[in-house]
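In what follows, a single structure is set out as structure tokens and then discussed.
The values are calculated or read from the model by the stated rules, or taken from the named source; none is laboratory data. Computed from a predicted model, the values in this text were never measured in an experiment. Glycine also receives a Cβ, built like all others from the backbone with ideal geometry; neighbour counts cover every protein chain displayed.
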Amino acid sequence: MQRVLRFPEGFLWGAATSAHQVEGDQDNDWTAWEKLGRIKDGSVSGAACEHWTRYQADFDLAKELHHTAHRFSVEWSRIEPREGEWNEAALAHYRDVVRALRQRQIEPFVTLWHFTNPRWLAERGGWEHPDTPRLFARYVGRVVEALPDVRFWITVNEPNVYALLSYFVGEWPPEVRSWRRALNVLHRLAAAHAQAWRAIKAAQPDAQVGSALNLVDYRSERPHNVLDRVSTLISDRIYNHRWLRMTASYEDFIGVNHYLQQRIRFGSVRRPIIAAPQEQPLTDFGWKMNPPSMYRVLRLAGSYGKSLYVTENGLADAHDRWRQRFIRDYLGYVHRALQDGVDIRGYFHWSLLDNFEWREGFSKRFGLVAVDFTTQRRSIRPSARWFAEVCRKNALVLPDA
Ligand code: IFM
């Protein structure tokens, strides 16, 4: 006997990537920072997956895997290499990328900012500079004009992760450790999102515009400890809700990126514990799987009354030991949230390809498709073939327990 969980008609299935992580060769703040030797495995993004030149073949793989949508980002530093100077060749390239997806009946979801800043922008203060939202909206206007065939836009990716890691924990460039500056950056990004939303709507009134937020399922480390509980509440308010409260009226949809449950202990907010029930496997990142968290964060995002897309969900798992189980169990909770009335319209697995995982370098393997970074050879992982059947059937077929 089998149990079949059907997804709504038209539900979109696919995977996500970001420019810096797969394209390589950029003139941005991360490239500069990597060269200072800051990446844990000593690598630099370099040519990454050479997706800049191999995108057609990569999209053939996505097609073979029955993906019906694909999320990727365009790189600001390629498009505007110097302030006010536009690189038409880069825009034409991204137009070809969109066309390549359309030719394969894959719906493009385009992210306009995914952590990296052009070097010239970083040098004048990046997201701390009051003029950055205006410059961002101007850049967005150029991209939207150049890509009239895109219907789904994601303005910024995980503004909360960026504010946290770059300005509060200080683990990412520009390595600041200040909660005031972190909040200021989060607010700047929200202003940028609103201005970009208006710019896109002015050019394409029918476009669907949202942002992709990283949502964490926060729990108290010691449920009966009042200080832990207050710290947990504050983390949830700032990390999960603050962005949504500021931007909800400028979101046609909310993109939910979900990876983790975190346990908060008073006094260690900068270093939360990534925990889950004992029996859940540990992924290569040291992040524990915890599928019910997916349900809780979807309910949280759904409470803002917008439609949702799961714009990222995945794990580092070089040997593909857990990926199938991970996708199966997390999708089970996506389905449960749908049944409980949450309006979820698609699921993007992170990631299509193994890629440059920020400070971890190339050591963490998130791809449905494995990449050999010496030869650039791609090989489809078994879990990706299994996920392909979910996409093809628009249903999750579960063996009866
Ligand atoms: O690789 C990142 C991505 O850039 C943003 N969300 C989380 C992923 C895995 O860490």
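Restricting to region 217-237, name every residue that is within 22 Å of N313 (Cβ to Cβ) and touching a residue at least 40 places away in the same chain (Cβ under 8 Å).
Across region 217-237, the qualifying residues are D217, Y218, R219.
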Just a yes or no: is a residue in region 98-111 aromatic (F, W, Y) and part of a helix (DSSP H, G or I)? no
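Take the residues in region 244-262 that are touching a helix residue (DSSP H, G or I) at 6+ places or on another chain (Cβ under 6 Å) and in a helix (DSSP H, G or I), then tell me which one is surrounded by the most Cβ atoms within 10 Å (Cβ to Cβ). If you could, list the steps in order and put the result at the bottom.
Taking region 244-262 first, the residues touching a helix residue (DSSP H, G or I) at 6+ places or on another chain (Cβ under 6 Å) are 246-247, 250, 254, 256, 258, 261.
Keeping just the survivors that are in a helix (DSSP H, G or I) gives 246-247, 250.
On the way: M246: 17, T247: 23, Y250: 18.
For region 244-262, the residue satisfying everything is T247.
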Search region 332-375 for residues being over 28 Å from E175 (Cα atoms) and of a type in the set (S, T, N, Q), and hand back the single one that is farthest from the ligand (Cβ to nearest atom). Q339
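Would you confirm whether or not region 80-92 contains a residue that is assigned to a helix (DSSP H, G or I) and not small (G, A, S)? Steps first, please.
Within region 80-92, the subset assigned to a helix (DSSP H, G or I) is 88-92.
Filter once more, keeping what is not small (G, A, S): 88, 91.
Yes, region 80-92 contains a residue that is assigned to a helix (DSSP H, G or I) and not small (G, A, S).
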Hits in region 195-217 (condition: buried (at least 17 other Cβ atoms within 10 Å of the Cβ) and out of contact with any strand residue (DSSP E or B) (no Cβ under 7 Å at 6 or more places or on another chain)): Q195, A199, Q204
With R378, R296, R323 as the choices, which residue is on the phi < 0 side of the Ramachandran plot, away from the ligand (no atom under 16 Å from the Cβ) and within 20 Å of the chain's Cα centre (by Cα)? R296
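Looking at this structure, is V156 farther than 30 Å from E360 by Cβ, β-branched (V, I, T) and in contact with a helix residue (DSSP H, G or I) (Cβ under 7 Å, 6 or more places away or on another chain)? It would help to see each step written out before you state the result.
On the way: farther than 30 Å from E360 by Cβ: no; β-branched (V, I, T): yes; in contact with a helix residue (DSSP H, G or I) (Cβ under 7 Å, 6 or more places away or on another chain): yes.
It is false that V156 is farther than 30 Å from E360 by Cβ, β-branched (V, I, T) and in contact with a helix residue (DSSP H, G or I) (Cβ under 7 Å, 6 or more places away or on another chain).
Do you know which of the residues in region 128-187 that are assigned to a strand (DSSP E or B) and closer than 26 Å to S235 by Cα is nearest to the ligand (Cβ to nearest atom)? Please lay out each step first, then the result.
As a first pass, look at region 128-187 and keep what is assigned to a strand (DSSP E or B): 152-157.
Now restrict to residues that are closer than 26 Å to S235 by Cα: 154-157.
Details: I154: 12, T155: 15, V156: 12, N157: 6 Å.
Per the criteria, the residue is N157.
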Kindly indicate whether any position in region 70-85 is polar (S, T, N, Q), free of Cβ contacts under 8 Å to residues at least 40 places away in the same chain and either within 25 Å of L315 (Cα to Cα) or surrounded by fewer than 19 Cβ atoms within 10 Å (Cβ to Cβ) (or both). no
Within region 378-397, does at least one residue satisfy the condition of being in contact with a Cys (Cβ under 7 Å, 6 or more places away or on another chain) and among the hydrophobic types (A, V, I, L, M, F, W, C)? no
Do we have any residue at all in region 384-396 that's buried (at least 23 other Cβ atoms within 10 Å of the Cβ), in contact (Cβ under 8 Å) with a residue 12 or more places away in the chain, more than 16 Å from the ligand (Cβ to nearest atom) and assigned to a strand (DSSP E or B)? no
Pick from region 1-26, criterion modelled with pLDDT of 95 or more and acidic (D, E), ranking: farthest from L65 (Cα to Cα): E23
Any hit, region 4-20, residues being within 19 Å of W172 (Cα to Cα), crowded, with 21+ Cβ neighbours inside 10 Å and among the aromatic types (F, W, Y): no
